[in-house]
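Here the structure is laid out as structure tokens; the discussion comes afterwards.
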Ligand SMILES: NC(=O)c1ccc[n+]([C@@H]2O[C@H](COP(=O)([O-])OP(=O)(O)OC[C@H]3O[C@@H](n4cnc5c(N)ncnc54)[C@H](O)[C@@H]3O)[C@@H](O)[C@H]2O)c1
């Protein structure tokens, strides 16, 4: 049994976090479910409690500095210190270069990259003070390979390199930072056209279940992962390893 941790999850009402919240709750951890929509965050927390776990709900807009500051105060008051931060909130704007206007590119960067940066800046100092902390960014294979939608790809590449770089900031502090890079996960974010290609483009032939992402998160906050730091953990069925110019035999 792992030591019980307090884990703050952003985007906790989303499809991926169904698996993350459930596995953390079942693992005995206290899950702080945060999301843009307070009712959706509360439903996510209730699902953890219904399964016998501990959970609280808070609203936050990670792209808004005032909202993140307010969250930090509210969490400290109602729950206490956070041991683990999981940055899972994200948006995917299916725009090509020419379709972007002045603000749309920045909007994705604000939510997917600046938001996690701000959350880390807000919640990491207390982890450093206590000499233990885990930060997990939910990046994407779109941050590892080229990808059709440049705002999403750039935000996720930035997010992964943020984790790689922060290991230097957290040198000797007991805080580690890693990225989970999922491929095609069974959530509403994934359109049917992509799902249909999985048997031909993903070597395992399988779409990833959100529960598997939860399992990886659970492992990363456990004792056996204490020396995993600055890693990109691909959970993509081998999709990024497949050289697309050859058809599979
Ligand atoms: N679904 C996939 O196949 C896949 C693959 C790779 C990476 N990802 C990443 O996984 C994460 C979760 O994706 P998902 O499939 O669960 O998507 P989702 O759309 O179901 O969930 C995203 C959640 O983030 C919340 N959110 C959006 N903007 C926010 C903001 N400004 N502040 C706070 N919360 C905000 C939404 O309300 C939503 O609940 C995202 O970062 C996504 O980029 C998903």
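No lab work stands behind these numbers, since they all come straight from the coordinates. Note that this is a predicted model, so its numbers are computed, not measured. A quick note on method: Cβ atoms are made from the backbone with ideal geometry, for glycine too, and the neighbour counts reach across all protein chains shown.
Brief remarks on what is shown
- Per residue, the Cα convex hull of the stretch 6-241 amounts to 123 Å³.
- Subtracting the Cα-Cα distance of residue 130 and residue 165 from their residue separation scaled by 0.36 nm leaves 10.5 nm.
- Euclidean distance between Cα centres, the stretch 50-118 to the stretch 139-214, Å: 16
- Stokes-Einstein D in µm²/s, Kirkwood radius over Cα pairs - the stretch 107-149 at 37 °C with 0.692 mPa s viscosity: 271
- Placing dummy labels 7 Å off each Cα toward the beta-carbon, the span from residue 102 to residue 77 is 3.7 nm.
- Between residue 70 and residue 43, full extension at 0.36 nm per residue minus the direct alpha carbon distance yields a gain of 7.6 nm.
- As a length-normalised measure over Cα pairs under 8 Å and 6 or more apart, the relative contact order of the chain settles at 20 percent.
- Extending 7 Å from the Cα toward the beta-carbon at both residue 212 and residue 245 defines two label points whose distance is 2.8 nm.
- Helix axis angle, 115-130 relative to the chain longest principal axis, alpha carbon, degrees: 40
- Using the Cβ-Cβ distance between residue 1 and residue 195 with R0 set to 45 Å, the FRET efficiency from 1/(1 + (r/R0)^6) comes to roughly 0.80.
- Helix 65-78 axis, angle to the chain major axis (alpha carbon atoms, nearest 10°): 50
- Order of 246, 117 - criterion: other Cβ atoms within 10 Å of each residue's Cβ, fewest first: 246, 117
- Acute angle (nearest 10 degrees) that the helix 192-201 long axis makes with the longest principal axis of the chain, alpha-carbon atoms: 70
- Exposure proxy ranking, count of Cβ atoms within 10 Å, fewest first, for 191, 141, 228, 91: 191, 228, 91, 141
- Global form of the stretch 119-249, assessed from the alpha-carbon gyration tensor, a/c cut-off 1.5: prolate
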